[in-house]
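The structure appears right after this line, and notes come after that.
The values are calculated or read from the model by the stated rules, or taken from the named source; none is laboratory data. Here the structure is a predicted model, which means the values were calculated and not measured. Here the Cβ is made from the backbone with ideal geometry for all residues, glycine too, and neighbour counts use every protein chain on show. Side chains included, ligands, DNA and RNA excluded: accessible areas come from the protein's heavy atoms. Shrake-Rupley method; radii C 1.70, N 1.55, O 1.52, S 1.80 Å.
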Amino acid sequence: MNNPYINLAQIHYFIAVAKHLNFTRAAKSLYVSQPSLSKQIAILEEKMGIQLFIRNKRKVELTAAGRVLYKELEGIVHEIDHAIQKAKEVEHQENGTLTIGCLEALDTSNFLYDSAHYFRNLYPNINIIFERQPFKVLREKLLEDSMDMIITLSYEIEDMKLESRTIFETGNCLWLPADHPKANMDNATLGDFKNEKFVQISRNETPNGFMNMIKLCQKHGFTPNIVRELPNAESMMMCVESGLGISLLDMSIQVGNMKHLKMIPLADERVNIIVAWKKENKNPAVKFFADSLLN
C-alpha cells in the first residue's frame, strides 16, 4: 500500500457508488463529475490494495471485499454524518471565510475545482477566497495570518513549523527553446546540460527553491552557470524563449503560450505539491478543507 491515508471524501464516494451501483447517478448525488468520481474510486482501490467494484459496460457490482467494506461502513455512516453536521456549525461562528493562497503559474486544474466544489457542498456558508501569488508573498501572508492556507511546492516550507498535507507528487523538468540543439534528446539527465547557461527564479523570491536547484545540479556533478535571477516563472519562461538560457522547474508550472519552448522531464527528480497552514490557526474551516482535498 503506497499511501495508507484515506480521506473522508473518498469514503463518501465509495458509499455513493456502492449505494447506487451506477457511477453517473452517484456522481450526480455528490455534485461532482463522473470522471472525477471514477478517478477517486481508482485511487481508493490502489491505496487499499483491493478491488472494490466489478465494472463492465452493462453494470457495476461490488466485489466480495467491497460488500464487506460497505457493510462495515454502513454502521458508521450515521456517525460520519453527525460529525459533518457538527462541523457545519461553523456556519454560525463569526469566522465563515477561508482564504487560500495558490502559487502563481501552478496548474491546479487536476484537483482544485473538484475539491472546492465538494467543500462548498458540505459547507455552503463558508466562503472560500482564492489568491494567486508568488512564492515570497505566499509565505509572508501565511505567517502574518492574512491567509489561512497556501498551496505551494514542498521545499518552500522545509524550514517553517507548519502543518501540511501532500496533494500530489510531480517531477522536475528542464525548459529549453524549441530550437535548442538538445530539445529532442531522449532519456536526458540534468548532467547533459552542465555547460548551459541557466535562468532561475531569484533566491530572494524562493531561497529554498534556489538552493534546491543548485543542489540538484551539484548532485549531477556541476555547479550551474546562473546568468539571470528573475522574479517569477513567467519572466523566466520569456527569457528561456528568447535564448538567454535554460531553466529548471517542476512540471506543474504552466505559463501562457509555450509553443516556442520544449519541456524535458527529469525522471529521477521529484517534488510534492502541498497545502500548508499554521498549527495555531483556529479557523475550523482549515481542517475541513484539508480533509476535502481530492488528491
What's the number of the only condition in (1) open to solvent by 70 Å² or more (accessible area, probe 1.4 Å); (2) part of a helix (DSSP H, G or I) that ILE15 fails to meet? (1)
Members of the range 38-84 that are hydrophobic (A, V, I, L, M, F, W, C) and in contact with a strand residue (DSSP E or B) (Cβ under 8 Å, 6 or more places away or on another chain): ILE41, LEU52, PHE53, ILE54, VAL60, LEU62
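Listed here are the residues, each with its yes/no results for (1) touching a Pro at 6+ places or on another chain (Cβ under 9 Å); (2) surrounded by 12 or more Cβ atoms within 10 Å (Cβ to Cβ); (3) part of a helix (DSSP H, G or I); (4) modelled with pLDDT under 80.
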| residue | (1), (2), (3), (4) |
| --- | --- |
| LEU69 | no, yes, yes, no |
| ASN95 | yes, yes, no, yes |
| THR99 | no, yes, no, no |
| ASN110 | no, yes, no, no |
GLU234 - would you say it is open to solvent by 20 Å² or more (accessible area, probe 1.4 Å), at pLDDT below 95, within 22 Å of LEU153 (Cα to Cα) and of a type in the set (Asp, Glu)? yes
Take the residues in the range 174-199 that are open to solvent by 10 Å² or more (accessible area, probe 1.4 Å) and not in a loop (DSSP other than H, G, I, E, B); name whichever of them is farthest from PRO265 (Cα to Cα). LYS197
Every residue in the range 18-62 that is outside any helix (DSSP H, G or I), in contact (Cβ under 8 Å) with a residue 24 or more places away in the chain and in contact with a helix residue (DSSP H, G or I) (Cβ under 7 Å, 6 or more places away or on another chain), please. TYR31, VAL32, SER33, LEU52, PHE53, VAL60, LEU62
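The rows are residues; the columns are (1) assigned to a loop (DSSP other than H, G, I, E, B); (2) touching a Ser or Thr at 6+ places or on another chain (Cβ under 9 Å); (3) surrounded by fewer than 21 Cβ atoms within 10 Å (Cβ to Cβ).
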{"residue": "GLY243", "(1), (2), (3)": "yes, no, yes"}
{"residue": "LEU249", "(1), (2), (3)": "no, no, no"}
{"residue": "VAL255", "(1), (2), (3)": "yes, no, yes"}
{"residue": "LYS259", "(1), (2), (3)": "yes, no, yes"}
{"residue": "PRO265", "(1), (2), (3)": "no, no, yes"}
{"residue": "VAL271", "(1), (2), (3)": "no, yes, yes"}
{"residue": "ALA276", "(1), (2), (3)": "no, yes, no"}
{"residue": "ASN283", "(1), (2), (3)": "yes, yes, no"}
{"residue": "LYS287", "(1), (2), (3)": "no, no, yes"}
Suppose we filter the range 225-241 for residues that are in contact with a Leu (Cβ under 8 Å, 6 or more places away or on another chain) and not in a strand (DSSP E or B); how many remain? 6
Counting only residues in the range 124-153 that are surrounded by fewer than 20 Cβ atoms within 10 Å (Cβ to Cβ) and among the polar types (S, T, N, Q), the one farthest from GLY191 (Cα to Cα) is identified as ASN125
Residue pairs within 9 Å by beta carbon, gap of at least six or interchain, first lying in the range 110-127 and under 26 Å from GLN254 (Cα atoms), second open to solvent by 80 Å² or more (accessible area, probe 1.4 Å) and not charged (D, E, K, R), listed first then second, are HIS117/TYR31; TYR118/TYR31
Total residues in the range 240-280, condition at pLDDT 95 or above and charged (D, E, K, R): 1
